[in-house]
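First the structure, which I've put down as structure tokens, then a few questions once you've had a look.
The values are calculated or read from the model by the stated rules, or taken from the named source; none is laboratory data. Keep in mind the model is a prediction, meaning the values are calculated, not measured. Here the Cβ positions follow ideal geometry from the backbone for every residue, glycine too, while neighbour counts run over all protein chains shown.
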Amino acid sequence: MKALVLTVVLACSVSASPVDTAYDLLDAVAWQDGYALEDLVSSDLYSAFTEFIDQMRALRDEDPVLVESILQSRYRGRITIADFESLNDQEILGVLLGEVVVQPDEQVMRETAEMEGRTATVVIYYFNGASVSFQMVWEDGDWRITDTSLLAYLFH
């Protein structure tokens, strides 16, 4: 019985690898899950996302026509000024994730992971020659994404 309890405790205490975290982010994007995104990215990256949302909300009050124009040109109408009034941060992020095209898992050719201290880099390569990179840091007991080519254009 003690061996079973020890096995369960050890199994529960094992954190996801950087590669697992990369695939979790791909799933969050595919499902447009802003709540999962919050748990997968570093606190600094999440702050950058919410800062963008806060800026849009502040600008919405000052110049709604400009905000609508920005949203239309960047996100092709996927999100509107009304969404910034009715949705919370995670829901807005979920809507924006719909702009990201994720290739199917069966198209993955290979992945690489390099770890050095508290940082990691994961690259997922696809059969069509495309790749997605993820930079990560060990934060709060998990690997958190600090940057990724997958989300780069959404907020830059």
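Identify all residues within segment 80-104 that are surrounded by 12 or more Cβ atoms within 10 Å (Cβ to Cβ) and closer than 30 Å to Asn128 by Cα; write none if there are none.
Step one: list which residues in segment 80-104 are surrounded by 12 or more Cβ atoms within 10 Å (Cβ to Cβ), which gives 80-81, 83-84, 87, 89-100, 102-103.
Once the filter is applied, which keeps residues that are surrounded by 12 or more Cβ atoms within 10 Å (Cβ to Cβ) and closer than 30 Å to Asn128 by Cα, segment 80-104 yields Leu93, Gly94, Val95, Leu96, Leu97, Gly98, Glu99, Val100, Val102, Gln103.
In segment 132-156, what residues are touching a residue at least 40 places away in the same chain (Cβ under 8 Å) and assigned to a strand (DSSP E or B)?
Val132, Phe134, Met136, Val137, Glu139, Asp142, Trp143, Arg144, Ile145, Thr146, Asp147, Thr148
Can you find, within segment 106-139, the residue that is nearest to Ser17 (Cα to Cα) among those that are in contact with a helix residue (DSSP H, G or I) (Cβ under 8 Å, 6 or more places away or on another chain) and surrounded by fewer than 13 Cβ atoms within 10 Å (Cβ to Cβ)?
Checking each candidate, the answer is Phe127.
A follow-up question, please. Given the structure, is Ile70 within 20 Å of the chain's Cα centre (by Cα) and either crowded, with 16+ Cβ neighbours inside 10 Å or not in a strand (DSSP E or B) (or both)?
Working: within 20 Å of the chain's Cα centre (by Cα): no; either crowded, with 16+ Cβ neighbours inside 10 Å or not in a strand (DSSP E or B) (or both): yes.
The answer is no for Ile70.
Still on this model: Taking segment 104-127, which residues are at pLDDT below 95 and outside any helix (DSSP H, G or I)?
Across segment 104-127, the qualifying residue is only Pro104.
Of everything in segment 96-132 that's among the hydroxyl-bearing types (Ser, Thr, Tyr) and touching an Asp or Glu at 6+ places or on another chain (Cβ under 8 Å), which residue is nearest to Phe49 (Cα to Cα)? Lay out the reasoning, then the answer.
First, the residues of segment 96-132 that are among the hydroxyl-bearing types (Ser, Thr, Tyr): 112, 119, 121, 125-126, 131.
If we keep only those that are touching an Asp or Glu at 6+ places or on another chain (Cβ under 8 Å) as well, we get 121, 125.
Working: Thr121: 21, Tyr125: 26 Å.
So, considering only residues that are among the hydroxyl-bearing types (Ser, Thr, Tyr) and touching an Asp or Glu at 6+ places or on another chain (Cβ under 8 Å), the one nearest to Phe49 (Cα to Cα) is Thr121.
Do we have Val29 as assigned to a helix (DSSP H, G or I), within 24 Å of Glu106 (Cα to Cα), more than 13 Å from the chain's Cα centre (by Cα) and at pLDDT 95 or above here? Steps first, answer last, please.
Details: assigned to a helix (DSSP H, G or I): yes; within 24 Å of Glu106 (Cα to Cα): yes; more than 13 Å from the chain's Cα centre (by Cα): no; at pLDDT 95 or above: yes.
Taking the combined requirement at face value, the residue does not satisfy it.
Continuing with the same structure: Please identify the pairs in which a residue from segment 105-119 that is of a type in the set (Asp, Glu) has its Cβ atom under 6 Å from the Cβ atom of a residue that is part of a helix (DSSP H, G or I), counting only partners at least 6 apart or on another chain.
From residues that are of a type in the set (Asp, Glu), the pairs are Glu111/Val19.
Can you tell me which residues in segment 51-75 are over 15 Å from Ala152 (Cα atoms) and touching a residue at least 12 places away in the same chain (Cβ under 8 Å)?
Correct list: Ile53, Met56, Arg57, Arg60, Pro64, Val67, Glu68, Ile70, Leu71.
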